1. Using the crude model of +1 on Lys and Arg Cβ and -1 on Asp and Glu Cβ, and no other charge, please compute the dipole size for the stretch 157-242 relative to its Cα centre, in debye to 20.
2. By its C-alpha gyration tensor, with a ≥ b ≥ c as the square roots of the eigenvalues, how is the stretch 1-91 shaped: rounded for a/c under 1.5, else prolate for a/b larger than b/c, else oblate?
3. Report the FRET efficiency, 1/(1 + (r/R0)^6), for LYS267 and GLU400, where r is their Cβ-Cβ distance and R0 is 51 Å, rounded to 0.05.
4. Can you give the extra length, in nm with one decimal, that the chain gains between ASP173 and THR303 once fully stretched, where that is 0.36 nm per residue apart less the Cα-Cα distance?
5. Spin-label point model (7 Å from Cα, Cβ direction): what's the ARG312 to GLU44 distance in nm?
6. In whole Å, how far is the Cα centre of the stretch 47-69 from that of the stretch 181-235?
7. Only helical DSSP H runs with n ≥ 4 go in: add -39500 (n - 2.57) per run for the chain, normalise by residue count and round the 222 nm mean residue ellipticity to 500 deg cm²/dmol.
8. Could you work out how much longer the chain between ALA235 and SER181 gets when fully extended? Use 0.36 nm per residue separation minus the Cα distance between them, nm to one decimal.
Amino acid sequence: MSGIEVITFGCRLNTYESEVMKAQAEKAGLNNAVLVNTCAVTGEAVRQARQAIRRARRDNPHARIIVTGCAAQTEKQTFAAMPEVDAVLGNEEKLSSASYRSLPDFGVSAQEKLRVNDIMSVKATAPQMVRHIDGHVRAFIQVQNGCDHRCTFCIIPYGRGNSRSVPMGAVVDQARRLADSGYREIVLTGVDATSYGGDLPGAPTLALLAKTLLKQIPDIRRLRLSSIDSIEADAHLMDLIADEPRFMPHLHLSLQHGDDMILKRMKRRHLRADALRFIAEARRLRPEMSFGADMIAGFPTETEEMFDNAVRLAEEAGIAHLHVFPYSPRPGTPAARMPQLDRSLVKDRAARLRATGHRLHQSHLDGMVGTRQWLLVENNGLAHTENFTLVAAADLRPGELVPVTITGHNGKHLDMQLTAAAA
């Protein structure tokens with residue numbers, strides 16, 4: 001091979017950072033290399049990364065393989081010990097061109113492969129200017145990194161460090177560049193995005209940042225937030241939901257569970273009633289709001305009654321896009337030391353919760369039929385409505401905003417008919 005190939009796992013922040021990595025590696029003159037940007041959320045994510053590394057070596061026997069991302073930060077020795085890997089970079093190092101200029105030669109020891117610092121020593125997040133995000137018609141902007149919370153199941157703070165925010169002015173500059181480049185939709189992303197601003201002068205919030213972007217950059221047609229913690233919702237966010245048509249009517253919530261005892265054992269900061277109250281208020285302000293949510297099945301000590309509470313929460317909240325994770329013990333986390341459930345039971349409950357999510361999604365699709373929507377057309381023959389529902393759009397041009405009427409669905413995505421000329 002020639003050039004640089006990037007393999008990305010995990011969240012939208014990783015997608016954004018992969019573009020930064022590629023640009024920095026090219027700036028350093030790196031060639032004939034595969035960069036693997038890993039995720040550490042679950043043991044399965046780590047397994048998939050290892051599998052991808054082995055495949056990359058088979059497909060590119062003479063390329064340099066450089067592994068980075070959250071799993072590389074938290075399990076650096078695991079990846080350094082792989083004979084297929086030439087270097088391991090930490091989450092901070094992967095964003096610097098100097099890291100790619102100082103890579104070790106082939107055949108070095110596992111210890112010499114490592115370029116991973118103490119992520120907890122990182123106190124600031126430098127703005128990264130990206131003009132293009134390969135393969136995407138929506139643009140992501142990193143506004144925050146790290147997390148100050150210590151949920152008992154989560155390894156990510158040890159891969160990302162403590163919370164730190166990108167200054168508002170730098171975010172505005174990046175958003176303006178992306179809008180000028182033709183992106184119609186921008187997504188603000190971070191590890192714990194709703195903690196944005198706590199470390200900045202004046203402590204601006206994520207929603208205030210969103211308001212500022214929409215006010216200062218009229219060319220932003222659609223603005224979204226990535227996964228949020230609803231307990232940190234403020235008056236600015238509710239204003240956006242109620243009054244700003246360019247703020248998209250979809251939020252992805254970090255719910256994790258629906259039983260108060262399990263939420264406490266997870267060390268979450270909200271209870272069941274808090275989540276339901278926020279969702280009800282958001283829908284009151286904007287009835288077309290849809291919600292996605294992350295939920296974990298089979299958390300340690302979870303009884304059948306506790307699991308039923310999680311199912312009922314998803315149903316009561318009407319979660320249209322439910323992301324279900326079977327609990328995966330991450331070494332070094334408090335939950336890994338709690339009494340564990342049998343893996344077959346964990347898998348069974350995850351399957352049952354997914355079945356609930358499928359049922360809720362079908363109901364959501366049914367409710368969309370007959371409505372008029374604006375679509376942002378993707379590169380893969382699909383499009384997204386404003387409330388983030390997939391629509392078949394094979395004959396439309398990627399990147400365009402198009403008005404349609406929803407005519408039906410096939411259980412996975414909506415069907416449509418054009419109602420006017422494209423915007």
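The values are calculated or read from the model by the stated rules, or taken from the named source; none is laboratory data. Predicted, not measured: the structure shown is a model, and the values here were computed from it. Cβ coordinates were reconstructed from backbone atoms using ideal geometry, including for glycine residues, and neighbour counts include every protein chain displayed. We work out accessible area using only protein heavy atoms, side chains counted, and drop any ligands, DNA or RNA first. Shrake-Rupley method; radii C 1.70, N 1.55, O 1.52, S 1.80 Å.
1. 300 debye
2. oblate
3. For R0 = 51 Å, the calculated efficiency reads 0.70.
4. Value of the extension gain: 41.8 nm.
5. For ARG312 paired with GLU44, the spin-label model returns 2.7 nm.
6. When both Cα centres are located, 35 Å separates them.
7. Taken over the chain, the calculation gives -10500 deg cm²/dmol.
8. Extending this stretch completely gives an extra 16.3 nm.
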